[in-house]
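A short worksheet on the structure shown next.
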Amino acid sequence: MRGSLLGVDLLIVIGLTGGIASGKSTASTYLARLGAVVIDADKLGHAAYEPGTPAHARVIEAFGEDVRARDGGIDRKALGGKVFGDADALKRLTDIVWPEIRRLAEARIEAARTGYAEIVVLEAAVLFEAGWEDIGDEIWMAVVDRETAIARTVERDGVPREAVEARIDSQLTNEERRSRADIVLDNSGTLEELLSQLDSQWQRLRNQRAAS
């Protein structure tokens, strides 16, 4: 247990991550059915771009008025064109957006705490890249092998294999994630096998919480 947010109220916070087509969203959806409060960092990323937020103003300042959409928000396509293939520009963007996502996530966690939630799951594909490991008491990683990830993404999204390979190559490797995770959820098999792993981990957390 990392213990950063586990206090006398016994709230347990799980950071859930994984690569493309690893099944992290399937896992978070199931954990929500079991009773967890799920926070989706990707949705918070959209919220971070909304007018009136600190990140919104800073993104326009950093990348120009042409990334402002007609509705006042951020034109993500225009912004993507400015950072795609440009490591420095991408870092400028993540330096703006990732802290805002973290702020929003911590606010949601605090709300869950005051609402007497027992277990919170923060689903975040970039959890390691953004340095958010300390948000959770445990870090869970969903994993599939490379070929399975490619096949699932090609079938799901209808994109070329080469595009999927490039996306995978731009992410942390499974080995890097494994070395930093507390719990590894193997999703290379059937859905039932993944859910069985989640049931076991969920029961462990409930037992742990009851014993505290």
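Please build a GNM for the chain, connecting alpha carbons under 10 Å apart, and tell me which residue among 178, 33, 70 fluctuates the most.
70
Taking the dipole about the Cα centre of region 106-209, with the C-beta of Lys and Arg at +1 and of Asp and Glu at -1, give me whichever of 112, 151, 184 is farthest to the positive side.
112
Restricting to lysine pairs 8 or more places apart or on different chains, what number in the chain have Cα atoms under 21 Å apart?
Value for the chain: 5.
Only four residue types carry charge here, +1 at the Cβ of Lys and Arg and -1 at the Cβ of Asp and Glu. Report the dipole size of region 11-76 about the Cα centre in Debye, rounded to the nearest 20.
320
Just to compare against my own numbers: the Cα pair-distance distribution for region 98-158, 10 Å bins, whole % per bin, please.
18, 39, 26, 16, 1
Where both residues lie in the chain, what percent of DSSP beta bridges are antiparallel, nearest 5?
5
Taking all pairs of different Cα atoms in region 44-103, averaging 1/r and flipping that mean, what Kirkwood radius in angstroms comes out?
Hydrodynamic radius (Kirkwood, Cα only) of region 44-103 equals 11.3 Å.
HN-Hα J couplings of region 136-149 from phi, Karplus 6.51/-1.76/1.60, θ = phi - 60°, integer Hz, Gly and Pro as x?
Karplus-based 3J(HN,Hα) across region 136-149 equals x, 7, 9, 10, 10, 10, 8, 9, 9, 6, 4, 5, 5, 4 Hz.
Taking the Cα-to-Cβ direction at residue 157 and at residue 77 and moving 7 Å from each Cα, how far apart do the two end points lie in nm?
With each label placed 7 Å out from Cα toward Cβ, I get 1.7 nm.
If exposed means no more than 10 neighbouring beta carbons inside 10 Å and the site is in a DSSP loop, what's the longest run of the chain without any exposed chymotrypsin sites (Phe, Trp or Tyr not before Pro)?
117-212
Counting alpha carbon pairs within less than 8 Å and at least 6 residues apart, what relative contact order, in whole percent, applies to the chain?
For the chain, the relative contact order is 35 percent.
Any idea how far apart residue 211 and residue 193 come out in nm if each label point goes 7 Å out from Cα toward Cβ?
It works out to 2.9 nm between the two label points.
Considering only 125, 51, 80, whose Cα is most displaced toward the positive end of the charge dipole of the chain, charges sitting on Cβ of Lys, Arg (+1) and Asp, Glu (-1)?
Value: 51.
With θ taken as phi - 60° and the coefficients 6.51, -1.76 and 1.60, list the Karplus ³J(HN,Hα) couplings across region 20-36 in order, rounded to whole Hz; mark glycine and proline as x.
Karplus values, whole Hz, x for Gly and Pro: 4, 6, 7, x, 5, 5, 4, 5, 5, 4, 5, 4, 5, 5, 6, x, 6.
So if I place +1 on the C-beta of Lys and Arg and -1 on the C-beta of Asp and Glu, and nothing else carries charge, what would the dipole magnitude of the chain be about its Cα centre? I want it in debye, nearest 20.
Roughly 340 debye for the chain.
Most exposed first by the Cβ proxy, i.e. fewest other Cβ within 10 Å, how do 25, 200, 188 rank?
Lowest to highest Cβ neighbour count: 200, 188, 25.
Place a +1 charge on the Cβ of each Lys and Arg in region 93-212 and a -1 charge on the Cβ of each Asp and Glu, then give the dipole magnitude about the Cα centre in debye, rounded to the nearest 20.
340
From the P(r) of the chain, could you give the percentage of C-alpha pairs in the tail past 25 Å?
44
Most mobile of 94, 17, 190 per a Gaussian network model of the chain (Cα springs, under 10 Å)?
So, out of 94, 17, 190, the one fluctuating most is 190.
How large is the Kirkwood hydrodynamic radius of region 15-115, counting all unique pairs of alpha carbons, in Å?
Computed over region 15-115, the radius equals 15.1 Å.
Springs between alpha-carbon atoms under 10 Å, Gaussian network over the chain: tell me which of 102, 161, 68 tops the mean-square fluctuations.
Sorting by GNM fluctuation, first place goes to 161.
Any read-out appearing in this document is the output of simple, stated calculations on the displayed coordinates, not a laboratory observation. Values in this document were obtained by computation on a predicted structure and should not be read as measured data. Note: ideal-geometry Cβ built from the backbone for every residue, glycine included; neighbour counts use all protein chains shown.
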